[in-house]
Each structure stands twice: as C-alpha cells, then as structure tokens.
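Asks: Structure incoming, see below.
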Amino acid sequence: MDRTFFVDFDGTITTLDTTAAMMQAFVREADRPAVMRISSLWEKKQLSTRECANRIFTYFHAEPGDMVRLLESIEIDESFPRFLDACIRAKDRVHVLSDGFDLCILTVFSQHGIDVPYYANTLIYEAGFTMECPHANHECGHCGVCKTTLMERLKEPSHRSVYIGDGYSDACPARHADMVFAKEPLHTLCREGGVDARRFASFDEIVERLYGAP
C-alpha cells in the first residue's frame, strides 16, 4: 500500500531543536528562567504556540542575520536524505509539518540540499521577531500549525498515513495516523494515550522496517 509520511522537523529531522538553540543563543542568562516558565506553560497547554513564541521573542537579542547564521550551523539526522531517497523510489509522499518557524526549515534545508514540501509558522521581523500562524485550527487554538488538519487534507485517500515525530505538538496528529514512529517525549505520550508507536533513533531504522536495508 502507498504511504504518505508526515514528519516533524525540530528534534526529528534536526539533531537539535532550533527554537531551543535560538533561546540558548539569543536569550540572556538572567532571562532564561522566565523563558523556561513560558515554555512550561505551553507544554501544559496553558499558552498557545503563538502566545508562547511571541512572549519569548520579547527576550530575544538578535536580528535576522544572527538567526540565519545560527540556523546554518544546525545539523540534521544524516540518514534523513537516505529516507527521502527510499520514499522517492517507492513513490511515497513526504510532507514536513512543524509547529516551529518557516525560516528555520528553509535555512536548514537549503544548507543540506533538501527539497521537501513543508508547513510551518511564519517568522516576521519588524524591529523584533513575531510569528503568525497561517495553518492554525482556530477551533482548538493551541498549536500554531494544526498538523492533524494538514494530515487530513494532504493524505491521498488510498494511502496509509505514517507520522514521525518527537514532541508535544506531535501527540495529536499521532492519534490520527495509521502508523507512528516516535522519539521521546512523544513515545511516552503515545504510550500513555494508548497509541501504538514504534521507538526510533534514526531514519535508517524506519527505512529498514518499511523498505528493507537502507
């Protein structure tokens, strides 16, 4: 059966979460406890992604050039291109769904020569960073990008949906996928929610399971 893959970006494709890397680089040491409290409220679903990001951005000391230079240093799972090659050979589709920022994906993919359709929040700079959420589900309002809605829209009727992710914003779409591959904390969230998820560390493991040896 043909498959459509939906793949998270931060911490799944990348070896580091780009938002965490930005906070480490651009938030002053004295402000980090306040930023961590804001992030904790998002994890508890007491703040939306948009509210969380825009509050954290008030602590940023950076301009777009600083952001791009940092993002150009972000590494990816070295087996991700092999995964994409396997999908192309099998004529399976891949979409990247991120509750992060479009600039992050564009910059990292450009650095590594990757061309995959992606959906993310829009990063804006006007004397400071803010974000907009063109893929939000306003009935829910928590995530900036409603991955579940995008999955429903993008999956071909005859395809099995395969979700690959690692974090809190992946828990909802994982419940709606036919198959799930998960890193932590998503794997634990799936187990607690009764979702069958296969733990993985690299995309080579996914390739081997679904297509044979990479």
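Derivation of every value follows stated rules applied to the coordinates shown; laboratory data play no part. From a predicted model like this one, the values you see are computed outputs, not experimental measurements. Note that each Cβ is placed from the backbone with ideal geometry, even for glycine, and that neighbours are counted across all protein chains shown.
Asks: Using 0.36 nm per residue, how much length does the chain from L106 to V68 gain when fully extended, once their Cα-Cα distance is taken away?
Replies: Difference between extended and current length: 12.7 nm.
Asks: Separate question: Exposed loop GluC sites (Glu not before Pro) only (DSSP loop, at most 16 other Cβ atoms within 10 Å): please give the longest stretch of the chain free of them, not including the sites.
Replies: Longest gap between qualifying sites, sites excluded: 140-214.
Asks: Report the paramagnetic label zone for A90: residues of the range 176-199 whose backbone N is under 14 Å from a point 7 Å from Cα along the Cα-to-Cβ axis.
Replies: 178-181
Asks: Loop-only trypsin sites (Lys or Arg not before Pro) in the range 32-97, please: DSSP not H, G, I, E or B, and at most 15 other Cβ atoms within 10 Å.
Replies: In loop regions of the range 32-97 (DSSP not H, G, I, E or B), the sparsely surrounded trypsin sites (Lys or Arg not before Pro) are K44, K45, K91.
Asks: I'm spelling it out carefully: the read-out is Rg and Dmax of the Cα atoms in Å, the candidates are (1) 21.2, 83; (2) 16.9, 53; (3) 17.6, 54, and one was derived from this structure. Which label?
Replies: (2)
Asks: What are the residues whose amide H is under 5 Å from the amide H of D17, where those residues sit 5 or more places off or on another chain and H is modelled from the backbone?
Replies: For D17, the qualifying residues are G11.
Asks: Would you mind checking which residues have amide H under 5 Å from R3's amide H? H placed 1.01 Å from N; only 5 or more apart, or other chain.
Replies: Long-range HN contacts for R3: R93, R160.
Asks: Measure off 7 Å from each Cα along the Cα-to-Cβ vector at A127 and E78, then give the distance between these two points in nanometres to one decimal.
Replies: It is 4.7 nm.
Asks: Relative to the longest principal axis of the C-alpha atoms of the chain, give the angle of the C-alpha long axis of helix 80-90, reported between 0 and 90° and rounded to the nearest 10°.
Replies: Tilt relative to the chain: about 40 degrees.
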